1. For the range 37-51, enumerate the residues that are under 30 Å from ASN374 (Cα atoms) and either surrounded by fewer than 23 Cβ atoms within 10 Å (Cβ to Cβ) or without any contact (Cβ under 8 Å) to a residue 60 or more places away in the chain (or both).
2. Return a yes/no flag: does the range 268-277 have any residue that is in contact (Cβ under 8 Å) with a residue 40 or more places away in the chain, assigned by TED's automatic domain parsing to the domain that holds CYS385 and part of a helix (DSSP H, G or I).
3. Go through the range 307-336 and give me each residue that's closer than 17 Å to ASN361 by Cβ, without any contact (Cβ under 8 Å) to a residue 40 or more places away in the chain and open to solvent by 30 Å² or more (accessible area, probe 1.4 Å).
4. Please work out if ASP186 is open to solvent by less than 20 Å² (accessible area, probe 1.4 Å), among the acidic types (Asp, Glu) and in contact (Cβ under 8 Å) with a residue 40 or more places away in the chain.
5. Starting from residues that are under 19 Å from ALA271 (Cβ atoms), basic (Lys, Arg) and open to solvent by 40 Å² or more (accessible area, probe 1.4 Å), keep the ones in the range 205-242 and report whichever is nearest to the ligand (Cβ to nearest atom).
6. Do we find that ALA296 is at pLDDT 95 or above, outside the structural domain of GLY164 (by TED's automatic domain parsing) and within 23 Å of the chain's Cα centre (by Cα) in this structure?
7. List the pairs whose first member sits in the range 114-125 and is within 13 Å of LEU94 (Cα to Cα), whose second member is assigned to a helix (DSSP H, G or I), and whose Cβ atoms are under 8 Å apart, counting only residues at least 6 apart or on separate chains?
Amino acid sequence: MIDVDQVRADTPGINHLTHLLACGSALMPESVLNAVVAHTQLEAQIGGYEAQARQFDLLDGVYRSVARHVGADTREIAVMENATVAWCHAFYALPLQPGSRILTCEAEYAANYVAFLQRAKRDDLKIEIVPSDESGALDLAALEKTMADDVGLVAITWVPTNGGLMNPAAEVGRIAKKHGVPYLLDACQAVGQMRIDVVELGCDFLSATGRKYLRGPRGTGFLYVQEKWLDTLEPAMIDHFGAPWVERDRYELREDARRFETWENSYALRAGLGAAIDYADRIGIDHIQNRVGLLADAARKALSDIPSVEVRDLGQAPCGIVSFSIEGKDARSLVKQMAASGYAIGASAPSSTRIDAERRNLPTLLRIAPHYYNTEDEVRGAVECLASHIQ
Ligand SMILES: Cc1ncc(COP(=O)(O)O)c(C=O)c1O
């Protein structure tokens, strides 16, 4: 059980507004804020390099925290500035034969899809969208059926940006593994709201962000690279940190996933990411998932009682992101009206998940995404407030 009073006491943001957008950028706990500020202060007091040296153990511990959180080995983790950079590092490094196919899902995120388009054009690849089943999740039978020797990569989004769908990430991993195809999983909206075990997921690469359900600072993320790739995978872009310049005509790639990193980083933000993961792990990810699910279900139920509201979440058991549209109402204006009333909710444009949006003819959707520090009263209050704005 989560001590809700305690987590609220640890969260200074709750005194300023009712924040219901964990899938955007959640409220940091005080320990995260303190870690970022303390490191920044140290940099101001003794200098950036000196602060890094003094905090070496703490900063090194961030890799252990990330690895523990996702069931990886520390060597398999690179700390990045966001999920997109993490994802791109894996994607652009992968050698893909001309003519090969990239298999993805209907819920794929815009940043990933434009990268598919770029490499498809440049490297003569084909993008194939695996259809969804009747629940809206990636259809596993269709994936299995289309698997063949010319598939170079399976790359899917686990939880999309535009709703509560949870794609069957582990089952996809089993199919990819059976066919010996690399599997790149975008876990950006999943990390921090549900248990992540890279071994169970069977993914070769996993990308995630710090600022969403993990409650870390903005400008943080990480990449998991399964060990077997560490011998062979050449980053698309290197510097002398990831690949030390060992002789005039030669560099040597680092042996760990940090070959994807560069020399310069925000150590203050890294300290914040580590603090965020440690905080989440102290609460317990299963407790978090349970409470986020309860609050999201309460929001879904209350919203579906309003006649002009259509809840748009896909999947048999949607997670913490509640997506909906309101007949005749502009989503962006409603977000502004809600903000003026003290509620942070969000909107998601069709262009962020174009395949799904076109298939379902979606307008810009509204999103409510409670975190475990929210209360049932806050969720109820937000829905009542929304109802008052649309009358
Ligand atoms: C599914 C998904 N993948 C990737 C990203 C990108 O994350 P970041 O902004 O940390 O690069 C987002 C951001 O909203 C997302 O929703």
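The values are calculated or read from the model by the stated rules, or taken from the named source; none is laboratory data. Keep in mind the model is a prediction, meaning the values are calculated, not measured. Here Cβ is always computed from backbone atoms with ideal geometry, including for glycine, and neighbour counts include all displayed protein chains. The protein model used for the area step is the full one, side chains on, heavy atoms only, and it has no ligands, DNA or RNA in it. Shrake-Rupley method; radii C 1.70, N 1.55, O 1.52, S 1.80 Å.
1. Hits for the range 37-51 are VAL37, ALA38, THR40.
2. No: zero hits.
3. Answer for the range 307-336, where residues must be closer than 17 Å to ASN361 by Cβ, without any contact (Cβ under 8 Å) to a residue 40 or more places away in the chain and open to solvent by 30 Å² or more (accessible area, probe 1.4 Å): GLU310, VAL311, GLU327, GLY328, ASP330.
4. Yes: the conditions hold for ASP186.
5. ARG211
6. Spelling it out, ALA296 is indeed at pLDDT 95 or above, outside the structural domain of GLY164 (by TED's automatic domain parsing) and within 23 Å of the chain's Cα centre (by Cα).
7. ALA115/TRP87; ALA115/CYS88; ALA115/PHE91; ALA115/TYR92; ARG119/PHE91; ARG119/TYR92; LEU125/PHE116; LEU125/ARG119
Conditions (1) of a type in the set (D, E, K, R); (2) farther than 30 Å from PHE324 by Cβ; (3) open to solvent by less than 30 Å² (accessible area, probe 1.4 Å), marked per residue:
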| residue | (1), (2), (3) |
| --- | --- |
| SER65 | no, yes, yes |
| CYS88 | no, yes, no |
| ARG119 | yes, yes, yes |
| ILE129 | no, no, no |
| MET147 | no, yes, yes |
